[in-house]
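Here's the structure we're looking at; comments come further down.
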Amino acid sequence: MTLLRKAIVLTSPLRRKVVSHVKAIVHDEYGDADRLQLRDVPDPVPGKGEVVLDVHASGLERGAWHLMTGRPLVGRVAFGVRRPRWPLGIEVAGVVTAVGEGVTRFAVGDAVLGSGVATYAERARAKVKNLVPKPEALSFVEAAALPVSAVTALQAVRDKGRVAQGDRVLVIGASGGVGTYVVQVARAFGAEVAGVCRTEKVAGVRALGADPVLDYTRDDLSGLEGRFDVVVDIGGLRPLAQLRRLLTPRGTLVLAGGEGGGRWLGGMERQLQALLWSPFVGQRLTSLVSTTKTDDLATVADLAARGDIRPVLDATYPLDAFPDAMRRLVDGDVLGKVVIAVREG
Ligand SMILES: NC(=O)c1ccc[n+]([C@@H]2O[C@H](COP(=O)([O-])OP(=O)(O)OC[C@H]3O[C@@H](n4cnc5c(N)ncnc54)[C@H](OP(=O)(O)O)[C@@H]3O)[C@@H](O)[C@H]2O)c1
């Protein structure tokens, strides 16, 4: 082939496939926030049962840190053994720009919230079953602070804790993304709620209706032993025996999270212990792995729209400052949620 013909073939409009791009936070290897990059990636295309959204806002939650660092190491079985295979970002609020095959629940222009894929980006894909309409009463930033954290709180309080009117509930890690919702959901269910957090956040947790609020850097929890119908543990990795002493003889323990355990299991061995002990003791010892459910997303959106729960917004960051947002979370400075505000509104 002559050079001229080759040039004509290569530049022919039929040969050239125009791929548009959007900006997204990308991580090619495990590590800290310094390794994250804002890069151009191909514009997402909706698959069957999916939509594509213009991302207006995306919530930051601990799961993103686990995916970024590949810790605990057992998680890499799913995330990718040597290199990350999963992109960052789940919590999303935005506007539908394209619908995939078989989608009838949403149309272009609908404002939605829920769980998406690679949502720290200008545009992202999401399965329709993981989305609900965004209530008008909520801004996109507020809506993006709900999907994982508030649904986890709902499932901890209602499904695992079976919290009822008048129950006494202790929330350990009451100041975090999940914990600020656990306090509020438990109160909405009619419980008396006590909280545990660090000094700087005591007033913020008290403002959510928790009383008393203990400071784990100063206060000893042993003064509260035997008092709680339900203990929801989200922070601190206290031993099971210590948590059980806080419960009434027929009380329920909900293990929902905790950071800083060993590099292999990250503290998950407590969940195994709870499973093994629970049949032999009077208390219910449960663990939570939250899952996105359309009905639960709708419930938290409704609770927030009615004002029964409110996202505690610590700060918003633009997309290009995502690494700073992650550092703030890792440093333990966040009360409630940090949200990445990708577009205005
Ligand atoms: N089970 C599930 O399906 C599920 C779903 C989502 C998240 N999680 C897990 O839940 C945990 C919390 O997530 P998050 O998004 O709420 O994180 P987060 O916003 O970083 O909150 C962490 C919480 O842990 C508290 N904490 C830290 N050290 C503590 C200690 N020694 N004693 C008592 N509390 C302590 C923090 O209190 P201060 O900030 O006041 O220090 C804060 O309230 C993480 O481990 C996450 O992986 C689990």
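The values are calculated or read from the model by the stated rules, or taken from the named source; none is laboratory data. Since the structure is predicted, the reported quantities are computational estimates derived from the model, not experimental observations. Note: ideal-geometry Cβ built from the backbone for every residue, glycine included; neighbour counts use all protein chains shown. Surface areas here come from the heavy atoms of the whole protein model, side chains and all, with no ligands, DNA or RNA. Shrake-Rupley method; radii C 1.70, N 1.55, O 1.52, S 1.80 Å.
Any idea which of (1) on the phi < 0 side of the Ramachandran plot; (2) within 16 Å of the ligand (Cβ to nearest atom); (3) modelled with pLDDT under 95 is the one Gly70 doesn't satisfy?
(1)
Going through Ala174, Ala156 one at a time, which residue ends up being assigned to a loop (DSSP other than H, G, I, E, B), open to solvent by less than 20 Å² (accessible area, probe 1.4 Å) and under 20 Å from Thr286 (Cα atoms)?
Selected residue: Ala174, the only one of Ala174, Ala156 that is assigned to a loop (DSSP other than H, G, I, E, B), open to solvent by less than 20 Å² (accessible area, probe 1.4 Å) and under 20 Å from Thr286 (Cα atoms).
Test Gly223 against the criterion of being touching a residue at least 12 places away in the same chain (Cβ under 8 Å), over 26 Å from the mean Cα position of the chain (by Cα) and either more than 21 Å from Ala153 (Cα to Cα) or not in a loop (DSSP other than H, G, I, E, B) (or both), and give yes or no.
It is false that Gly223 is touching a residue at least 12 places away in the same chain (Cβ under 8 Å), over 26 Å from the mean Cα position of the chain (by Cα) and either more than 21 Å from Ala153 (Cα to Cα) or not in a loop (DSSP other than H, G, I, E, B) (or both).
Checking Ala301 against (1) more than 30 Å from Arg244 (Cα to Cα); (2) open to solvent by less than 20 Å² (accessible area, probe 1.4 Å); (3) not in a helix (DSSP H, G or I), which single condition isn't satisfied?
If we test Ala301 against (1) more than 30 Å from Arg244 (Cα to Cα); (2) open to solvent by less than 20 Å² (accessible area, probe 1.4 Å); (3) not in a helix (DSSP H, G or I), just (3) comes out false.
Please enumerate the residues belonging to region 248-289 that are among the basic types (Lys, Arg) and under 17 Å from Arg71 (Cα atoms).
Arg263, Arg270
List pairs: first residue in region 309-330 and more than 16 Å from Arg62 (Cβ to Cβ) and free of Cβ contacts under 8 Å to residues at least 60 places away in the same chain, second residue of a type in the set (Lys, Arg) and more than 12 Å from the ligand (Cβ to nearest atom) anywhere in the structure, Cβ distance under 6 angstrom, at least six positions apart or on different chains.
Hits for this filter: zero, empty list.
Kindly indicate the residue of region 214-229 that is of a type outside the set (Asp, Glu) and out of contact with any helix residue (DSSP H, G or I) (no Cβ under 8 Å at 6 or more places or on another chain) and also surrounded by the fewest Cβ atoms within 10 Å (Cβ to Cβ) among those meeting that condition.
Gly223
Can you tell me which condition Leu253 does not meet? The list is (1) in contact with a helix residue (DSSP H, G or I) (Cβ under 8 Å, 6 or more places away or on another chain); (2) assigned to a helix (DSSP H, G or I); (3) within 16 Å of the ligand (Cβ to nearest atom), and all the others hold.
Leu253 satisfies every listed condition except (2).
So Leu246 passes all but one of these: (1) exposed (fewer than 14 other Cβ atoms within 10 Å of the Cβ); (2) at pLDDT 95 or above. Which condition number does it fail?
(1)
Take region 284-298 and flag every residue that is in contact with a helix residue (DSSP H, G or I) (Cβ under 7 Å, 6 or more places away or on another chain), of a type outside the set (A, V, I, L, M) and either part of a helix (DSSP H, G or I) or open to solvent by 70 Å² or more (accessible area, probe 1.4 Å) (or both).
Matches in region 284-298: Thr294, Asp296.
Table: residues versus (1) within 12 Å of the ligand (Cβ to nearest atom); (2) assigned by TED's automatic domain parsing to the domain that holds Ala143; (3) open to solvent by less than 30 Å² (accessible area, probe 1.4 Å); (4) under 24 Å from Arg158 (Cβ atoms).
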{"position": "Arg270", "(1), (2), (3), (4)": "yes, no, yes, yes"}
{"position": "Gly282", "(1), (2), (3), (4)": "no, no, no, yes"}
{"position": "Val312", "(1), (2), (3), (4)": "yes, yes, yes, yes"}
{"position": "Ala315", "(1), (2), (3), (4)": "no, yes, yes, no"}
{"position": "Asp324", "(1), (2), (3), (4)": "no, yes, no, no"}
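Going by the conditions given, is Ser278 part of a helix (DSSP H, G or I) and among the polar types (S, T, N, Q)?
Against the criterion (part of a helix (DSSP H, G or I) and among the polar types (S, T, N, Q)), Ser278 qualifies.
Take Val151 and tell me if it is within 11 Å of the ligand (Cβ to nearest atom), open to solvent by 20 Å² or more (accessible area, probe 1.4 Å), modelled with pLDDT of 95 or more and within 24 Å of Thr299 (Cβ to Cβ).
When the stated conditions are applied, Val151 does not pass them.
Residue check, Arg244 against (1) assigned to a helix (DSSP H, G or I); (2) within 14 Å of the ligand (Cβ to nearest atom), all met but one. Which one?
That leaves (2) as the condition not met.
Would you please name the residue that is surrounded by the fewest Cβ atoms within 10 Å (Cβ to Cβ), looking only at residues in region 24-67 that are of a type in the set (A, V, I, L, M) and within 16 Å of the ligand (Cβ to nearest atom)?
Of everything passing the filter in region 24-67, Ala33 is surrounded by the fewest Cβ atoms within 10 Å (Cβ to Cβ).
Just to check your reading of the model, which residue among Gly235, Gly266, Gly260, Gly204 is within 15 Å of the ligand (Cβ to nearest atom), over 19 Å from Ala150 (Cα atoms) and either in contact (Cβ under 8 Å) with a residue 60 or more places away in the chain or not assigned by TED's automatic domain parsing to the domain that holds Ala186 (or both)?
Of Gly235, Gly266, Gly260, Gly204, the one residue that is within 15 Å of the ligand (Cβ to nearest atom), over 19 Å from Ala150 (Cα atoms) and either in contact (Cβ under 8 Å) with a residue 60 or more places away in the chain or not assigned by TED's automatic domain parsing to the domain that holds Ala186 (or both) is Gly266.
Only one of these conditions is not met by Leu214: (1) under 29 Å from Asp331 (Cα atoms); (2) part of a loop (DSSP other than H, G, I, E, B). Which number is it?
Checking Leu214 against (1) under 29 Å from Asp331 (Cα atoms); (2) part of a loop (DSSP other than H, G, I, E, B), the one that fails is (2).
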